[in-house]
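Nothing in this text is a laboratory measurement; each read-out follows from the coordinates by a stated rule. Because the structure is a prediction, the values reported are computed rather than measured. All Cβ positions, glycine included, derive from the backbone under ideal geometry; neighbour counts span all protein chains shown.
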Amino acid sequence: MDTSEQNEKAKAMAIATACRTHRREKQSKPGMSNAVDGTTQRRIRRKRRELMKQEKKNRAGVEMRIRALQRIVPGGETVVGVDKLFEQTADYILELQTQVKAMKVLATFFEGLEREKMKFGG
């Protein structure tokens, strides 16, 4: 293969490459970069829609749990703001823990009274 044949072959390859590049640019939408084609755009839009649906679902789940918490905590339905609801919930949990401790003490006291009664034949 001589130099002129090599030059002709190189020119033909350059023209073919330029034609492919031109076709790709022509097929892409106006305003879109060549790096992001239509298929990629559709994938991006589909993923964005999926994420928005998931976010909406998560938000609905959180709102449902907040409403449930408002029903459980005394006075929770009248509380304005989630931060206040969480404070009131924490206070309610402390009250319940105190009540449980008091009941345990009373149960222990009455068990002791029963044992004393049994000792004396009662």
Take each of the peptides 56-62, 90-96, average the number of other beta-carbon atoms within 10 Å over its residues, and list them starting from the highest. 90-96, 56-62
What is the dipole size for the chain, taken about its Cα centre, with +1 at each Lys and Arg Cβ and -1 at each Asp and Glu Cβ, in debye to the nearest 20? 820
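Report, in deg cm²/dmol and to the nearest 500, the calculated mean residue ellipticity at 222 nm for the chain, where each DSSP H run with n ≥ 4 adds -39500 (n - 2.57) and the sum is divided by the residue count. Before the final figure, lay out each step's value.
Working: 3 runs with 98 residues, N = 122.
Mean residue ellipticity, 222 nm, calculated: -29000 deg cm²/dmol.
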Can you tell me the length gained on complete extension of the stretch GLU63 to ARG48, counting 0.36 nm per residue apart and subtracting the Cα distance? 3.2 nm
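Please compute the Kirkwood hydrodynamic radius over the stretch 48-122, one decimal place, Å, based on all pairs of different Cα atoms. Could the numbers behind the result be given before it?
Numbers: mean 1/r = 0.0620 Å⁻¹.
Computed over the stretch 48-122, the radius equals 16.1 Å.
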With point charges of +1 on the Cβ of Lys and Arg and -1 on the Cβ of Asp and Glu, referenced to the Cα centre of the chain, which listed residue (GLY81, ALA68, ILE15) lies farthest in the positive direction of the dipole? ILE15
